[in-house]
Each structure stands twice: as structure tokens, then as C-alpha cells.
1. Would it be correct to say that Leu97 is of a type in the set (A, V, I, L, M, F, W, C), touching a helix residue (DSSP H, G or I) at 6+ places or on another chain (Cβ under 8 Å), at pLDDT below 90 and loosely packed, with under 15 Cβ neighbours inside 10 Å?
2. Just to be sure I understand the filter: pairs with C-beta atoms under 8 Å, separated by 6 or more residues or on different chains, first member in the range 1-22 and within 15 Å of Arg70 (Cβ to Cβ) and of a type outside the set (Lys, Arg), second member outside any helix (DSSP H, G or I) and modelled with pLDDT under 80. Which pairs pass?
3. Test Ile111 against the criterion of being at pLDDT 85 or above and either charged (D, E, K, R) or over 15 Å from Tyr155 (Cα atoms) (or both), and give yes or no.
4. Give the number of residues within the range 71-98 that are under 19 Å from Phe14 (Cα atoms) and either among the polar types (S, T, N, Q) or in a loop (DSSP other than H, G, I, E, B) (or both).
5. As an exercise: evaluate Val7 against (1) at pLDDT 80 or above; (2) surrounded by 13 or more Cβ atoms within 10 Å (Cβ to Cβ) and give the number of the one condition it does not meet.
6. Take the residues of the range 44-70 that are part of a loop (DSSP other than H, G, I, E, B) and not β-branched (Val, Ile, Thr): which is nearest to the chain's Cα centre (by Cα)?
7. Given the condition modelled with pLDDT under 85, surrounded by 15 or more Cβ atoms within 10 Å (Cβ to Cβ) and in contact with an Asp or Glu (Cβ under 8 Å, 6 or more places away or on another chain), answer yes or no: does some residue in the range 120-140 qualify?
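The values are calculated or read from the model by the stated rules, or taken from the named source; none is laboratory data. These numbers were taken from a predicted model, which means no experiment stands behind them. Every residue, glycine as well, gets a Cβ built from its backbone with ideal geometry; the counts of neighbours run over all protein chains shown.
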Amino acid sequence: MDIQLAVFIGYAIFYIVFGLYILRPIPNSYNLLKIQIRLLPFNAKWFGALIIITGVFAYLYLKNIDGFVRERDYLFYNLNTGLLLFLFSKEHNEDELFQHLRMKSIVVSFINAMITIGIMYPMFFLNNEITDDIFFGFGFLTVMIQLYYLIYFYYSKYKLMKE
């Protein structure tokens with residue numbers, strides 16, 4: 001088996017297991033508003049940051065290898081994995097206010113991502129400047145949603161702590 005295929009299958013298994021761990025439905029209930037999010041311990045933030053840093057260094061290393069064409073996929077998988085660990089880890093003083101802020105951040109990040117896509121895609125198509133598919137990949141979309149989430153969550157947390 002090819003090493004790239006093994007790595008991509010490993011990432012797919014990680015995402016499935018991570019999703020099953022994070023989303024915890026209430027038994028015998030089909031109400032989506034009752035789904036609870038199980039958070040990771042606070043130290044998972046540091047592990048996520050380590051994955052992001054190693055992913056960037058691996059991208060820079062793999063970019064210089066001749067014949068290797070999937071280095072951007074490795075970068076986005078590492079960014080996505082590190083940001084997921086960063087997003088779904090607890091704060092030092094986690095309470096109901098942060099849970100409400102998390103849910104609001106998820107909604108705001110999806111809205112901002114759709115607005116950004118709605119602005120970016122017509123610009124590329126009208127200008128005929130599609131020379132790279134980085135903006136049209138699924139990895140870019142997930143990283144963009146996660147970054148919007150982080151920006152909104154920590155900005156709102158900063159504003160609340162300032163008051």
C-alpha cells in the first residue's frame with residue numbers, strides 16, 4: 001500500500017472517530033437542538049498547535065521534493081486536524097456562557113464563510129484568473145470556517161472579559 005494512501009486513510013479514520021466523540025446525541029431524541037458537544041481537555045490546544053506547526057514544516061519540506069504533488073493536501077489535513085483540536089478543547093474556566101458562545105460562533109462562522117465564498121467565486125470566474133485550485137478545495141473551506149470560528153469566539157470572549 002502506498003504511504004500517501006495510508007496517511008489519508010488514517011486522517012479519514014481520525015475524522016470519523018473525532019466526530020463520533022465530539023457529537024453526543026441524547027438517546028431517543030431526534031431534536032437537533034438537544035445535541036451536546038463533548039469537549040476535549042484544555043491541553044488538547046497545545047497538541048493542536050503542535051500538529052499545525054509540524055504540518056507547516058512538513059509542507060515546506062515536501063514542497064522541495066521532486067515528483068511529490070500532494071503536499072498541499074498534507075498541509076490542509078494538518079491545519080484542519082490541529083484547528084479541530086484547538087476548537088473543541090475546553091477553556092480554563094468553561095461554563096454555560098462559553099457553551100452559548102461556542103454555538104453562536106459556529107453559526108457566525110458558517111454565515112461568514114458563505115458570504116466570503118459568495119464574494120470570491122464570482123470574482124475568479126469573471127476575471128478568468130483561475131490558475132490554482134487552492135480556493136476551490138474542500139480543505140480551504142474547512143480551514144476558513146474554523147478560522148472564522150476562532151476569530152469570533154475569542155473576540156467575543158475578549159469583549160466579555162473586558163466588561
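1. Details: of a type in the set (A, V, I, L, M, F, W, C): yes; touching a helix residue (DSSP H, G or I) at 6+ places or on another chain (Cβ under 8 Å): yes; at pLDDT below 90: yes; loosely packed, with under 15 Cβ neighbours inside 10 Å: yes.
So Leu97 fits the description; yes.
2. Correct list of pairs: Gln4/Arg70.
3. Values: at pLDDT 85 or above: yes; either charged (D, E, K, R) or over 15 Å from Tyr155 (Cα atoms) (or both): yes.
The answer is yes for Ile111.
4. 5
5. (1)
6. Taking the range 44-70 as the starting set, the residues that turn out to be part of a loop (DSSP other than H, G, I, E, B) are 64-70.
Subsequent filtering for residues that are not β-branched (Val, Ile, Thr) retains 64, 66-68, 70.
Numbers: Asn64: 26, Asp66: 29, Gly67: 28, Phe68: 25, Arg70: 19 Å.
Here the answer is Arg70.
7. Looking through the range 120-140, at least one residue is modelled with pLDDT under 85, surrounded by 15 or more Cβ atoms within 10 Å (Cβ to Cβ) and in contact with an Asp or Glu (Cβ under 8 Å, 6 or more places away or on another chain).
For (1) farther than 21 Å from Ala6 by Cα; (2) at pLDDT 90 or above; (3) of a type outside the set (Gly, Ala, Ser), each residue gets a yes or a no:
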residue: Leu39; (1), (2), (3): yes, no, yes
residue: Trp46; (1), (2), (3): yes, yes, yes
residue: Lys63; (1), (2), (3): no, no, yes
residue: Arg70; (1), (2), (3): no, no, yes
residue: Leu75; (1), (2), (3): no, no, yes
residue: Gly82; (1), (2), (3): no, yes, no
residue: Phe88; (1), (2), (3): yes, no, yes
